[in-house]
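What follows draws every value from the coordinates through simple rules; no lab data is involved. These numbers come from a predicted model, not from an experiment. We place every Cβ from the backbone using ideal geometry, glycine too, and count neighbours over all the protein chains shown.
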Amino acid sequence: MAAPQMVSAALEAGVNKALKWSSNSVGLLKPLADKTCIIYIQELESALIFSFNDRYISVSSDTDSLYTSLPDDNGPSALYDNECWVSISFFALDKLKQNNQMTKLIKSGKLDFSGDLGILQGVSRLFDKLDIDVEEVMSAYVGDAAAYQFNSSGKKLVASIGQQLSILSVTLADAALDEKPIGVRPIIVMNFNDEVNALRADFDRFEARLALMEVKLKIKMNVKQGKST
Amino acid sequence: MSNKKQKNTSDNESATADFGFTKVDKAKKADMVADVFHSVAAKYDVMNDLMSLGIHRFWKRYTIDCSGVRSGQKVLDLAGGTGDLAAKFSKMVGPSGEVVLADINHSMLNVGKEKLLNKGIVGNVHYVQANAEKLPFPNHHFDLITIAFGLRNVTDKSKALASMFRVLKPGGRLLVLEFSKPSTEALSKVYDAYSFYLLPKIGKLVANDAESYRYLAESIRMHPDQDSLEQMMKDVGFEQTSYHNLTGGIVALHRGYKF
């Protein structure tokens, strides 16, 4: 019993915390007020129901399994005007944030959809545009100075990790290409391709010449046979 | 038919009712139950968390997930106490919907009202002091009725269920979340030990009221088991009835529809 309820409770708490911390959540939630988005996660074979109001998002699980397939217009899962249903892979969930990808996802069959597309676009916009100022949020708990210190240290740490990772990737690439040649540089691949192309051209020319010689030989043979008869 | 079933079906005719393990005059039970809840109202939420180790939140969330409530619908949270379910339903039905938080006990209702107001839940929630046996609402009015941990305190359960059936819209559903009978003997023994020895002590320690919590434990034992309650729902007209045991049957969620 508890697993879906734990998931929906944790999700609801997390999402609403993020809304609280975001400076622009009110404006983003307004168009979604009184609307519902049902998201069916294909791998989990279960749907989560997001009900929006102007300040809060309620998340509940679909205990009756009403939304496991495209909603039936005449059945209990029939959608109201203010509802939409989406079926999507867990691994494509982050793509929901990209509003311009929506039609592409639907066309490529990665997203099954029914209902009001405006709701889905609103949800996408909400999660894409949420603006959370981490420093501002932290200052309420630990004070301005500590929040600033933590934030700037965090930024430095992230930058430093990024730099180290890029150095590491260059070192590994060099090692793989030069010291332990288990890979090749692009220029070597291009040279190799050029050599193969040249060889293919030589071969084609040689083949054409052979064919020509064959034809000439056949003609000569025919002429000889004609004289002897 | 089991003894318990006989006892329940004869609720209407007998002049006495169960108040925990004791038999009391039917007319007095409501007042006695009211006294218990006047006494525990202030600490009700704290005690719920303590007694259930917070699991009651998942029981209630499961109930909400089973409600199928949608925007614009009308919900009656009966014996709604401190408004846990009503708060959630209020957000789900939105401004075009309506939630009625009803409780027979004004102390509980006041605590619930204050809690919801403090959470900023206003506009679509109404508070009504009402007896579940005689609901003051028109016929076919609500899309959903929930009664969580309240039915066992009602004097005449069949009458209350019939009253709920009356105010439900055709197609509407009733959800009864209530303590029930543990599904295994071992769990039953542990549960008994907990509720008759530990629970009154926690009640004494936190709410300084061991007697009220002893009543709560006794009333749970006297409440109809899963099958009996389902039968009672059928008897008053509910269809497609079913129940789902939670936490090994310590609690059960009963569901029934009016068609």
A student applying the Cα gyration tensor rule (rounded when a/c is under 1.5; otherwise prolate if a/b is larger than b/c, oblate if not) would label the stretch B:3-257 rounded
Counting each DSSP H run of 4 or more residues in chain B as -39500 (n - 2.57), what helix-only mean residue ellipticity at 222 nm follows after dividing by all residues, to the nearest 500 deg cm²/dmol?
-13000 deg cm²/dmol
Modelling each spin label as a point 7 Å along the Cα-to-Cβ direction, I'd like the residue B:110/residue B:188 distance in nm, to one decimal.
4.2
What range in chain A is the longest one free of GluC sites (Glu not before Pro) that are in a loop by DSSP and have at most 13 other Cβ atoms within 10 angstrom?
A:46-229
Distance between modelled label sites at residue B:231 and residue A:13, nm, 7 Å Cα→Cβ extension
4.2
Go through the stretch A:46-102 and name the chymotrypsin sites (Phe, Trp or Tyr not before Pro) that are in a DSSP coil and have 15 or fewer other Cβ atoms within 10 Å of their Cβ.
A:80
On the formula 1/(1 + (r/R0)^6), with r taken between the Cβ atoms of residue A:216 and residue A:182 and R0 of 51 Å, the FRET efficiency rounded to 0.05 is 0.50
What list of ³J(HN,Hα) couplings, whole Hz, do you get for the stretch A:61-66 from phi and the Karplus terms 6.51, -1.76, 1.60, once you set θ to phi - 60° and write x for glycine and proline?
9, 8, 5, 8, 6, 7
Counting sequence-distant residues (5 or more places) and residues on other chains, those with an amide H built under 5 Å from that of residue B:16 are B:26
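May I ask you to derive the relative contact order of the stretch B:3-257, considering only C-alpha pairs under 8 Å and at least 6 residues apart, and to give it as an integer percent?
Relative contact order of the stretch B:3-257: 21 percent.
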Pairs B:134/B:234; B:60/B:181; B:28/B:157; B:43/B:115; B:26/B:204; B:28/B:113: which exceed 22 Å Cα-Cα?
B:26/B:204; B:28/B:113
Taking 8 Å as the Cα distance limit and 6 or more residues as the minimum spacing, I'd like the relative contact order of chain A as a percentage.
15
Amide H proximity to residue B:140 below 5 Å, modelled H, separation 5+ or other chain, gives B:167, B:168
Residue A:201/residue A:228 FRET efficiency (R0 41 Å; Cβ-Cβ; nearest 0.05)
0.50
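Using r as the Cβ-Cβ distance of residue A:33 and residue B:140, and R0 as 22 Å, what FRET efficiency do you calculate, to the nearest 0.05?
The pair residue A:33/residue B:140 has a calculated efficiency of 0.20.
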Place a point 7 Å from the Cα of residue A:55 in the direction of its beta carbon; the residues of the stretch B:65-88 whose amide N falls under 16 Å from it are B:87-88
Theoretical ellipticity at 222 nm over chain A - DSSP helices of four or more residues, -39500 (n - 2.57) apiece, nearest 500
-19000 deg cm²/dmol
Quick one: check the C-alpha center-to-center distance for the stretch A:195-229 versus the stretch A:25-98, whole angstrom.
72
For peptide B:89-100, what's the mean number of Cβ atoms from other chains within 10 Å of each residue's Cβ?
3
Potential lengthening between residue A:6 and residue A:191 on full extension [0.36 nm per residue; Cα-Cα distance subtracted]
60.7 nm
